[in-house]
């Protein structure tokens with residue numbers, strides 16, 4: 001079997017002022033995950049993460065915490081290839097309305113407990129836990145509506 005390495009990037013997106021996290025339900029794998037996708041040639045990981053969020057969710061206004069990143073690693077087989085995949089995930093916040101791409105069937109803003117029950121893989125649960133630890137350390141910022 002042939003081997004190859006893949007790199008993806010994405011963002012764990014929270015709503016500002018609360019602990020709801022955005023999950024997307026992927027059509028191809030029928031799994032809930034964070035918005036993420038492949039890194040294109042010449043792109044940095046952060047550029048790829050922003051592009052993928054835009055492509056998959058339509059979210060343009062995204063505030064990122066550049067101090068947080070974590071990785072998920074896994075192996076999968078498809079079409080005679082053994083793929084070693086590394087996904088780098090960043091932490092972000094957005095109030096923007098989601099407009100899903102055709103890659104996904106639906107989305108959900110979940111509490112962390114709800115997200116844990118929807119995730120199929122432990123990697124996603126670990127990443128959410130790490131992101132929540134970082135979120136809890138940050139001061140709550142509220143915007144004036146005036």
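Data for the structure
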read-out	value
Filter result (closer than 15 Å to residue 26 by Cα and within 13 Å of the chain's Cα centre (by Cα)) within segment 110-128	115, 119, 124
Flag for residue 62 being at pLDDT 95 or above, touching a strand residue (DSSP E or B) at 6+ places or on another chain (Cβ under 6 Å), within 20 Å of residue 7 (Cα to Cα) and surrounded by 13 or more Cβ atoms within 10 Å (Cβ to Cβ)	no
Cβ-Cβ under 7 Å pairs, at least 6 apart or on other chains, segment 103-124 side without any contact (Cβ under 8 Å) to a residue 12 or more places away in the chain, far side part of a strand (DSSP E or B)	none
Residue within segment 71-89 that is surrounded by fewer than 18 Cβ atoms within 10 Å (Cβ to Cβ), under 12 Å from the mean Cα position of the chain (by Cα), closer than 18 Å to residue 6 by Cα and at pLDDT 95 or above present	yes
Extreme residue, surrounded by the most Cβ atoms within 10 Å (Cβ to Cβ), among residues of segment 98-113 that are assigned to a loop (DSSP other than H, G, I, E, B) and in contact with a strand residue (DSSP E or B) (Cβ under 7 Å, 6 or more places away or on another chain)	98
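Yes or no, residue by residue, for (1) surrounded by 13 or more Cβ atoms within 10 Å (Cβ to Cβ); (2) touching a residue at least 24 places away in the same chain (Cβ under 8 Å); (3) assigned to a strand (DSSP E or B):
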| residue | (1), (2), (3) |
| --- | --- |
| 28 | no, yes, no |
| 37 | yes, yes, yes |
| 40 | no, no, no |
| 46 | yes, yes, no |
| 51 | yes, no, no |
| 54 | yes, no, no |
| 68 | yes, yes, yes |
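The values are calculated or read from the model by the stated rules, or taken from the named source; none is laboratory data. Computed from a predicted model, the values in this text were never measured in an experiment. Here the Cβ is made from the backbone with ideal geometry for all residues, glycine too, and neighbour counts use every protein chain on show.
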